[in-house]
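Just below is one structure, and these are the notes that go with it.
The values are calculated or read from the model by the stated rules, or taken from the named source; none is laboratory data. Just so we're clear, the structure is a prediction, and the values are computed from it rather than from any experiment. When we count neighbours, we look across all protein chains shown, and the Cβ atoms used for this are built from the backbone with ideal geometry, even at glycine.
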């Protein structure tokens, strides 16, 4: 009985890991073949720094300016910014973008380019975004953080 308990304790982390994984086995195999250097975040996103940046990372409420390219697993492009003079701007953790982006951008520094492989659950999930993004589609992004505009809170009354 004692040996069975020890065996179960040793196997528990593997079982729990498998339960938390947000990619299918086929998706994981594809990721490992195409992006072997990608690391896993706690939420299950796979990420790889393509070129480092400098400075502070953004926090909740900060406005970020980014350039990006979004593709499906088959390489089909579904969206991108084309002009560095007109980057995509949004505030972190304000539900203006998919959850995967809010997480990844808080890891980035200005000037950084990063690959982000986002599971469907942290993207558009079971609803997708027809006609470009099918249901339950993991998404691949190349994101470049151009700048951060910190959240400025109003001064407290005197």
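Couple of notes before you dig in:
- Which listed residue, of 104, 117, 140, is under 10 Å from the mean Cα position of the chain (by Cα), under 21 Å from residue 32 (Cβ atoms) and not in a strand (DSSP E or B): 104
- Residue list for region 120-137, restricted to those being within 15 Å of the chain's Cα centre (by Cα), surrounded by 19 or more Cβ atoms within 10 Å (Cβ to Cβ) and in contact (Cβ under 8 Å) with a residue 40 or more places away in the chain: 120, 122, 137
- Selection within region 143-158: residues that are farther than 24 Å from residue 76 by Cβ and either under 16 Å from the mean Cα position of the chain (by Cα) or in contact (Cβ under 8 Å) with a residue 12 or more places away in the chain (or both). The member of this set that is surrounded by the most Cβ atoms within 10 Å (Cβ to Cβ) is 145.
- Region 30-69, residues that are in a helix (DSSP H, G or I) and within 20 Å of residue 122 (Cβ to Cβ): 30, 31, 32, 34
- Test for residue 45: is it within 15 Å of the chain's Cα centre (by Cα) and touching a residue at least 60 places away in the same chain (Cβ under 8 Å): yes
- For region 92-107, the set of residues classified as in contact with a strand residue (DSSP E or B) (Cβ under 8 Å, 6 or more places away or on another chain), under 14 Å from residue 63 (Cβ atoms) and touching a residue at least 24 places away in the same chain (Cβ under 8 Å) consists of 92, 101, 105, listed by residue number.
- For region 81-91, the condition of being crowded, with 16+ Cβ neighbours inside 10 Å, in a loop (DSSP other than H, G, I, E, B) and in contact with a strand residue (DSSP E or B) (Cβ under 7 Å, 6 or more places away or on another chain) holds for at least one residue.
- Scoring residue 17 on the criteria (1) over 28 Å from residue 130 (Cα atoms); (2) over 17 Å from the mean Cα position of the chain (by Cα); (3) at pLDDT below 95; (4) surrounded by fewer than 10 Cβ atoms within 10 Å (Cβ to Cβ) leaves a single failure, condition (4).
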